[in-house]
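Undergrad: Provided herewith is a single structure, encoded as structure tokens, for subsequent inquiry.
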Amino acid sequence: MKRTLWGLMILSIILYASTASADYKNYDERGNFTGWVKSPYSIPPWQRTDSTAVSPSVDYPETTESNTVSNTESTEPDNSYSPITGAIGGGIAPSATGFDSSYGVGYGLEANIGFALDQNWAVLLMLDAYSFPSTFSGWSANQIDLLPSLRYTFGSKGIRPYLFAGVGGNDNLVIEANNSTINGINLAVAGGIGIDFPIARRVDIFIQGKYSINFTLDGSFSYLPISAGIQFN
């Protein structure tokens, strides 16, 4: 019985040794036989090098076309373009000619909306509303101008100066102390110069000055609005 057990143990050791030292066939990626390769397990651990060590292989997933496209799209800037442009702001307007000496500096709001024909030219509809207080209590002269205009902006990016001019109508609304009103519709002409300072994508701060003149049956009067505000491109 003891001889049988010893025989089985010796036979197991011989089989393991022969298996560990056995050569194995090597094939390339296409499955072609390239030769016999010595098993690294036949080399004692104290004699093995990095080249004979067995390391597991890792298959990394291939980048699919859809992933490439999505990554490209996420990093590209948004080049969408809208021709609509507009602005809103406030300002003051010293009187120039035609005003009674009792009227002081006016104050009011300006706004416009329109279409950018390209990066330089734009067609706008400008709305100005200025009130000129009088030294006489309860009196004021209010000027409301609606002007189809054309604007030309120099350059394509960064700080950009611009010129503009328009022709339209004026409502001269005079408020008296007893709350009675006198108004008249007149021809209005305006033109000026300004400058844009970009603060965000398609958003600028503008500062501008212009000369506005209104023609009445009795003559004309003019004023010089100076305004600042936000412009959306």
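The values are calculated or read from the model by the stated rules, or taken from the named source; none is laboratory data. On a predicted model such as this, the values are computed, not experimentally measured, just so you know. Here the Cβ positions follow ideal geometry from the backbone for every residue, glycine too, while neighbour counts run over all protein chains shown. Side chains are part of the model used for accessible areas, which takes the heavy atoms of the whole protein and leaves out ligands, DNA and RNA. Shrake-Rupley method; radii C 1.70, N 1.55, O 1.52, S 1.80 Å.
Undergrad: Given the structure, is Asp100 acidic (Asp, Glu), over 16 Å from Asp196 (Cα atoms) and open to solvent by less than 50 Å² (accessible area, probe 1.4 Å)? Before you say what the answer is, go through the steps one by one.
TA: Numbers: acidic (Asp, Glu): yes; over 16 Å from Asp196 (Cα atoms): yes; open to solvent by less than 50 Å² (accessible area, probe 1.4 Å): no.
Criteria not met by Asp100.
Undergrad: How do the pairs read when you match residues in region 110-130 that are in a loop (DSSP other than H, G, I, E, B) with residues anywhere that are buried (at least 17 other Cβ atoms within 10 Å of the Cβ) and of a type in the set (Phe, Trp, Tyr), using Cβ under 9 Å and keeping only pairs 6 or more apart or on different chains?
TA: Listed by first residue and then by second, the contacts come to Asn120/Tyr162.
Undergrad: Need pairs with beta-carbon distance below 6 Å; first residue over 30 Å from Gly106 (Cα atoms) and acidic (Asp, Glu) and within region 78-90, second modelled with pLDDT of 90 or more and assigned to a loop (DSSP other than H, G, I, E, B); sequence gap 6+ or separate chains.
TA: none
Undergrad: With respect to Ile182, is the statement that it is of a type in the set (Val, Ile, Thr) and closer than 20 Å to Ile92 by Cβ true? Even if it seems obvious, please write down each step before you answer.
TA: Numbers: of a type in the set (Val, Ile, Thr): yes; closer than 20 Å to Ile92 by Cβ: no.
Judged against the criteria, Ile182 is not a match.
Undergrad: Looking at region 134-180, which of its residues are in contact (Cβ under 8 Å) with a residue 60 or more places away in the chain and charged (D, E, K, R)?
TA: Narrowing region 134-180 to residues in contact (Cβ under 8 Å) with a residue 60 or more places away in the chain: 143, 145.
Matches in region 134-180: Asp145 only.
Undergrad: Taking region 126-178 as the search range and keeping residues that are among the β-branched types (Val, Ile, Thr) and in contact with a Pro (Cβ under 8 Å, 6 or more places away or on another chain), which one is nearest to Ile205 (Cα to Cα)? Talk me through it step by step, then tell me what you get.
TA: Here is the first cut: in region 126-178, the ones among the β-branched types (Val, Ile, Thr) are 135, 144, 153, 159, 167, 174-175.
Those left that are additionally in contact with a Pro (Cβ under 8 Å, 6 or more places away or on another chain): 153, 159, 167.
On the way: Thr153: 14, Ile159: 10, Val167: 25 Å.
Checking each candidate, the answer is Ile159.
Undergrad: Ile213 versus (1) part of a strand (DSSP E or B); (2) over 17 Å from Ala96 (Cα atoms): which is the lone unmet condition?
TA: Going through (1) part of a strand (DSSP E or B); (2) over 17 Å from Ala96 (Cα atoms) one by one, Ile213 breaks only (2).
Undergrad: Can I ask one more? What are the residues in region 201-222 that are farther than 27 Å from Arg160 by Cβ and among the hydrophobic types (A, V, I, L, M, F, W, C), if any?
TA: Taking region 201-222 as the starting set, the residues that turn out to be farther than 27 Å from Arg160 by Cβ are 214-222.
Scanning region 201-222 gives Phe215, Leu217, Phe221.
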